[in-house]
Amino acid sequence: MGRVFRPQGVVMTAGEPPGVRARAVVETRNAILEAAGRLLREPSRPWSMEAVAHAAGVTRVTIYNQFGGRVELIEAVLDQVVARDRMDRLLEGTEALPPRAALRAAVTTTCRFWHAERHLLRRLFGAAWPDPAVARLIARREGWRRDQLRALLARLQGDLVDGVDAERATDVLLALTSFPAYDGLGSLGDEPDLAAGYLVRLAGGLLSAPDPA
């Protein structure tokens, strides 16, 4: 029986059912993502396409065929952890909450994500300075977070203190809840819900509504 190759570079036997091929493709992709994420969380280990390929038990060609390139692989890892930690649903369930409760929910979700992925994010934010491609990736992610916070504060426009508009409030909240700010909290960052409480108190200065008991 003839031998063929999946587009991802995994050898298979011709005539295998499509379902078997599809499962193998998914398994290969997941193995690459797991290896890439694991290496990103271990700052003492080198991170390169070759290192990821070795850790995943595949070739570099397989990774390029699956993801297209280094930055695309990093973005796929981020997509995976963002979905797992529900960071992609930052405002879910906040629509009917009072102003400070909505703010607390969004900040708490953010802090829990920063805490859960602290080691991975430290490496990426550290790599962003010398690597323009990674810096652009992080900027796009922060742009999405800015849009979410802007949408939240637009709903709270009537609760902002006099003299503060939604755009300036968004700038303040984005900086206050950024990963570098969270990572600078020291031991407080080991308790994300407690850290969120402190940040909400600081961000509460943007709102005129009283804090619910």
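We did not get these values from a lab; they are worked out from the coordinates using the rules stated. Please read these numbers as outputs of a predicted model, since none were measured by experiment. Don't worry about glycine lacking a Cβ; one is built from the backbone with ideal geometry, like all the others, and counts go over all protein chains shown.
For an R0 of 30 angstrom, estimate the FRET efficiency from the Cβ-Cβ distance between Val172 and Ala83 and round to the nearest 0.05.
Numbers: r = 28 Å, r/R0 = 0.93.
It comes to 0.60.
Test of understanding: what is the full-extension gain from Arg150 to Val164, defined as 0.36 nm times their sequence separation minus their Cα-Cα distance?
Details: separation 14, 0.36 × 14 = 5.04 nm, distance 1.32 nm.
Full-extension gain reported as 3.7 nm.
Put a plus charge on the Cβ of each Lys and Arg, a minus charge on the Cβ of each Asp and Glu, and nothing anywhere else: the dipole of the chain about its Cα centre is then about 720 debye. Modelled label positions at Asp183 and Trp129, each set 7 Å beyond Cα in the direction of Cβ, lie 1.0 nm from each other.
Taking the structure as given and computing Rg/Rh (Cα atoms, Kirkwood Rh), which label from [x] 1.09; [y] 0.99; [z] 1.06 fits? Identified label for the calculated read-out: [x].
Starting from 0.36 nm per residue, how many nanometres of slack lie between Arg140 and Leu194 once their C-alpha separation is accounted for?
Values: separation 54, 0.36 × 54 = 19.44 nm, distance 2.80 nm.
Between Arg140 and Leu194, full extension yields 16.6 nm more.
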